[in-house]
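Following: one structure in structure tokens, then a few remarks.
The values are calculated or read from the model by the stated rules, or taken from the named source; none is laboratory data. Because the structure is predicted, anything quoted here is derived from the model rather than measured. Quick reminder, even Gly has a Cβ in these numbers, built from the backbone with ideal geometry, and neighbours come from all protein chains shown. Each accessible area value is taken on the protein alone, full model and side chains, heavy atoms only, with ligands, DNA and RNA left out. Shrake-Rupley method; radii C 1.70, N 1.55, O 1.52, S 1.80 Å.
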Amino acid sequence: MITTFTCNREAAAKVCGFNGIDKTGKYVGIITQAELAESKGGATYLELAIKATRWVEKVGDQIGSEETGEKAAFVRLFLTSRDGQRTFNADILDALMTVLGIEHAEAKACKVFNRDNTSRPGYRIFELEKKEVGLLLQRENRTYVDQYGDQKSTHQMNIVTPYDVRTGRCAKEIIEGRSEGTIVDTRFKSLKDKEPKAAPTPAATSQTTPAGGLPYDDADAPF
């Protein structure tokens, strides 16, 4: 049993130090980690660790003013279903690649960082990381029944569309060759939080760790 303790100020700073993205809004920042993995049920997903440096949030119908600082979120995109069928989130990935000017990307075996900055073997798509991008995010409120039969509330953040920070263009406008973007702002004005329809029992979404070496051990921690 440990009986003596030395204060670790770095560890102390982590307590209540995570300023998370929890509101519908337009966020500008970087993707610090793009992990590709497989759920226990066999679905492929991409989990994006996002660090925003400026944003405009919306509460109800009220759009706030632009703020700066640091806010973070983890957004999980299921790219295929359990039976391997492509999902709408795969379109989101295509749109993200278009906005970032990426024609081809490949997941590489490497070091993957957990939310507490511990690490494990996994796969990352480095082409998506450390580039400035705009993201229109929608808060989805959810309810579920816990193991004791009690109804609980939670939320997740979903990507409505990525966009180019300099021009405001989404993927559609880039592909059509428009010089400036209007779609994102128009969509933002009418966007509301997504409310839950029911209270299903949550399915487990634990991930498996893919086999493979660690050729990119020197990858930086996402936070």
(request) DSSP loop (so not H, G, I, E, B), at most 16 other Cβ within 10 Å: list which trypsin sites (Lys or Arg not before Pro) in region 44-117 pass both filters. (result) Arg82, Arg115
(message) On a full-extension model of 0.36 nm per residue, what is the gain between Thr118 and Thr154, subtracting their alpha-carbon distance, rounded to one decimal in nm?
(response) 10.5 nm
(message) Among the listed pairs Lys26/Lys108; Lys51/Lys189; Lys130/Lys194; Lys172/Lys192, which have their C-alpha atoms separated by more than 27 angstrom in this model?
(response) Lys26/Lys108; Lys130/Lys194
(request) Determine the order of Cys7, Cys170 by accessible area, beginning with the largest, at a probe radius of 1.4 Å. (result) Cys7, Cys170
(request) Tell me the chymotrypsin sites (Phe, Trp or Tyr not before Pro) within region 85-184 that lie in a loop according to DSSP and have at most 13 other beta-carbon atoms within 10 Å. (result) Tyr148
